[in-house]
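Inspection log for the structure reproduced underneath, given as structure tokens.
Just so you know, all these numbers are worked out from the coordinates, no wet-lab data involved. Just so it is clear, the structure is predicted and the values come from calculations on it, not from any experiment. No Cβ is skipped: glycine too gets one built from the backbone with ideal geometry, and neighbour counts run over all protein chains shown.
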Amino acid sequence: MGTVAVRALDDVTFSLSGGEFCAIMGPSGSGKSTLLHCAGLLDPPTAGNVFYNGMDMTLLPEWQKAETRLFSFGFVFQEYALIPELTALENVLLPAFAAGGRESEARDAAWTALAHVGLQDRASHLPRELSGGEQQRVAVARGLVNRPRIIFADEPHANLDSENSRLILELFRTICDQDKISILMVTHEEEDRQYLDRVIRLFDGRIQKEEERGVT
Ligand SMILES: Nc1ncnc2c1ncn2[C@@H]1O[C@H](COP(=O)(O)OP(=O)(O)O)[C@@H](O)[C@H]1O
Ligand SMILES: [Mg+2]
């Protein structure tokens, strides 16, 4: 920023396995979002590499990174990031349309994704006609619609009450176990650990430690 260099991440190395539910935890400003954005190919690291399926993604042109995000990754953000003028179904349809293919197939995929999060009966509602928890479930359905291999979620339940947080976390756990999708999630909540396979602790841009399930 100006003349001040911010080292948001420093010497960070980690890997994520298929079907693994992994969280990034750490104080505010420790680099959690930066790490998620680098791994999700939203931000390029100034140095270092991001590998996906053995391929160095940092070497790819932007359009190929965009294709990877569209076809292989799903994103869920704290503020839901739904388009207010579109219904729940239309929000979920967007990435399916962007992926091309037949319209009927995109619609089938969107219905399946909405059913996955238990919101088929809210398909024609606008975001403002949904509760926060329901909006976030629509956002999860949108993240799932193209059948990604990895979901990146930045504090997805920070705005939700405990009951809706539990729903999102259980949904994520099921997605990992049944669909073998990997999830990398930023969270502040220590209680989330019961759902997680691994926690990466960040402090000042560095990995302080990694905790496996059942091991501290
Ligand atoms: N766009 C930006 N420009 C400059 N510095 C930034 C920017 N975004 C974040 N930072 C800084 O990078 C560090 C890590 O930020 P971030 O990854 O957002 O942390 P966290 O998600 O853990 O709160 C912080 O020191 C923050 O102030
Ligand atoms: Mg953050």
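Of note:
- If the segment from Arg201 to Arg147 were pulled out straight at 0.36 nm per residue, it would be longer than the present Cα-Cα gap by 16.6 nm.
- For Ile24, nonlocal amide neighbours, meaning residues 5 or more places apart or on other chains whose placed amide H falls under 5 Å from its own, are Met185, Val186, Thr187, Ile200.
- Compared with the dominant principal axis of the Cα atoms in the chain, helix 62-72 is inclined by about 60°.
- Ordering Phe97, Val76, Gln135 by Cα displacement along the dipole of the chain toward the positive end leaves Phe97 in first place; charges were set at the Cβ atoms of Lys, Arg (+1) and Asp, Glu (-1).
- Degrees, to the nearest 10: 103-116 long Cα axis against longest axis of the chain: 70 degrees
- Rounded to the nearest Hz, the phi-derived 3J(HN,Hα) couplings of the range 46-52 under the Karplus curve 6.51 cos²θ - 1.76 cosθ + 1.60 (θ = phi - 60°) are 5, 8, x, 10, 10, 9, 9, where x marks glycine and proline.
- Candidate cross-link partners of Lys65 among the lysines, defined by an alpha-carbon separation under 28 Å and a same-chain spacing of 8 or more, comprise Lys32, Lys180.
- Taking Cα centre as origin and charging only the Cβ of basic (Lys, Arg, +1) and acidic (Asp, Glu, -1) residues, the dipole magnitude of the chain rounds to 320 debye.
- Spatial offset of the range 43-101 relative to the range 164-216 amounts to 21 Å, using the alpha carbon center of each.
- Computed lengthening from Ala98 to Ser15, 0.36 nm per intervening residue step minus Cα-Cα distance: 27.0 nm
- Sites Thr112 and Gln64, calculated FRET efficiency, Cβ-Cβ separation with R0 30 Å, nearest 0.05: 0.65
- Between 0 and 90°, nearest 10: helix 88-98 axis offset from the chain longest Cα axis: 70 degrees
- Helical contribution to [θ] at 222 nm, DSSP H n ≥ 4, -39,500 (n - 2.57), averaged over the chain, rounded to 500: -11000 deg cm²/dmol
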